[in-house]
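This report refers to the structure that appears directly beneath it.
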Amino acid sequence: MESGPAIFTGTVFALFGAALLAWVAVRLRHRRPVALGVSPVASAALAAIAGAGAVAIGVWCFASV
């Protein structure tokens, strides 16, 4: 019964993180800014770290099931 919320949370975090990493990769490949008005390197790095962190939290949730 307790594994249901962990599976749902892990799925949400993993999908969000993967989508964020894919979006950052597409923006960088097309040489478009990730965030307007911010340093391109800083915004890409921060978004990539956030995406990788979300994927890591999702994996941790799946591992705790």
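The values are calculated or read from the model by the stated rules, or taken from the named source; none is laboratory data. Please read these numbers as outputs of a predicted model, since none were measured by experiment. Backbone-built Cβ (ideal geometry, glycine too); neighbour counts: all protein chains shown. These area figures cover heavy atoms from the full protein model, side chains too; ligands, DNA and RNA do not enter into them. Shrake-Rupley method; radii C 1.70, N 1.55, O 1.52, S 1.80 Å.
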* Using a 1.4 Å probe, what is the accessible area per residue for the chain, in Å²? -> 71 Å²
* Structure fact -> Full extension between Ala19 and Ala52 adds, at 0.36 nm per residue less the Cα distance, a length in nm of 10.8 nm
* When the accessible area of the chain is split by element with a 1.4 Å probe, what percent falls to carbon and sulfur? -> 75 percent
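So, by mean Cβ neighbours within 10 angstrom, what's the order for 24-36, 8-20 with the highest one leading?
Values: 24-36: 12.1, 8-20: 15.8.
Highest to lowest by the protection proxy: 8-20, 24-36.
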* Structure fact -> Taking the reciprocal of mean 1/r across every pair of different Cα atoms in the chain, the Kirkwood radius in Å is 12.5 Å
* Say each of Phe8 and Leu28 gets a label point 7 Å from the Cα, pointing the same way as Cα to Cβ; how far apart are those two points in nm? -> 3.4 nm
* Just from its helices, what would the mean residue ellipticity at 222 nm be for the chain, if runs of 4 or more DSSP H residues each count -39500 (n - 2.57) and the sum is divided by every residue, rounded to the nearest 500 deg cm²/dmol? -> -28000 deg cm²/dmol
